[in-house]
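Data first, discussion second: the structure below is written as structure tokens.
No lab work stands behind these numbers, since they all come straight from the coordinates. Here the structure is a predicted model, which is why all the values come from computation and not from measurement. Every residue, glycine among them, receives a Cβ derived from its backbone with ideal geometry; neighbour counts consider all protein chains shown.
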Amino acid sequence: MLIQNMNWFQIEHQSQQDDRAILPLGSTEQHAWLSVCTDHILASRLAKEVGEQLSLPVFPGLPFGMAPYFTAFPGTINLQPATYNALLSDVLDSLYQSGFRRLFLINGHGGNSPVQPQIHNWLNRHPDARVQLHNWWAAPETMGQVRQYSTNASHASWMENFPWTRLAGVSLPDEEKAVLHIARLAQLPASEVKKYIGDGNYGGAYQRSDEEMLHIWDIAKRETVALLENGWV
């Protein structure tokens, strides 16, 4: 249930019947030949589909995240950690004020993962609440299926190329890019990162069959639904 299709009376009633709510976390950043909003698109779509399946409210996703290493690529939006932490805390406060106590964050961007300590700080101030930060692409079953198809899969490669993240009229390279030395990126400023990674793909082919990608997506949905139903403590 997208809350854009609900009024406040309905949201109040929903929180009284079920205290779970879903919030997607994304990013706007380079994804080689794919949409710069890939992380936002994937997290929001997954949230929408599982929210509809479980009849849970889905709040609008945060389209911006922490991506300092991509700032040399046009179109990338980067939030400072203090800004992102404050923003997420304010959103969690508002969800709590609305009556929701089990908050499920579907994260589509690895650069947002350092926010976990801030979530713990927020939980210390709201001990009756629970928060799950779900890095959907890295979940065991989902990543396991990715690795079955190819061990060479990373940022902006085929593993993020779904029918809804590729762009009309854009031809993808017909090759497999060698895996980059990811640890090296941590030592480089954004200008050098751009030189090193080239088009933005960290390694892997640029596209696989839609049949394979939809199979991965079905696993991701199943894994996410399981956490929403049984992942609370």
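Where only DSSP H runs of four or more residues are counted, the chain gives -13000 deg cm²/dmol as its mean residue ellipticity at 222 nm, each run worth -39500 (n - 2.57).
Using the alpha carbons alone, the radius of gyration of region 5-122 stands to its Kirkwood radius in an Rg to Rh ratio of 1.00. Largest first, the three principal axis extents of the alpha carbons in region 1-62 are 43, 20, 16 Å in whole numbers. Here Lys177 is the anchor, and the lysines within straight C-alpha reach of less than 19 Å, apart from those fewer than 8 places off in the same chain, are Lys194, Lys195. The slack between Leu123 and Ala183, meaning 0.36 nm per residue of separation minus the straight C-alpha distance, is 18.4 nm. Per-residue Cβ neighbour counts within 10 Å put Arg184, Arg130, Arg20 in the sequence Arg184, Arg130, Arg20, beginning with the fewest.
Expressed as a rounded percentage, what relative contact order does the chain have, with Cα pairs under 8 Å and six or more residues apart? Computed value for the chain: 23 percent relative contact order. Ellipsoid semi-axes for the chain, based on the Cα gyration tensor and the rule √(5λ), read 31, 21, 15 Å when sorted largest first.
Every Cα-Cα pair in region 122-196 was counted, and those over 15 Å apart are 72% of them. When Leu23, Leu227 are sorted by how many other C-beta atoms sit within 10 angstrom of their C-beta, beginning with the fewest, the order is Leu227, Leu23.
Multiplying each eigenvalue of the alpha-carbon gyration tensor of region 95-233 by 5 and taking the square root yields semi-axes of 32, 21, 13 Å, largest first, rounded to whole angstroms.
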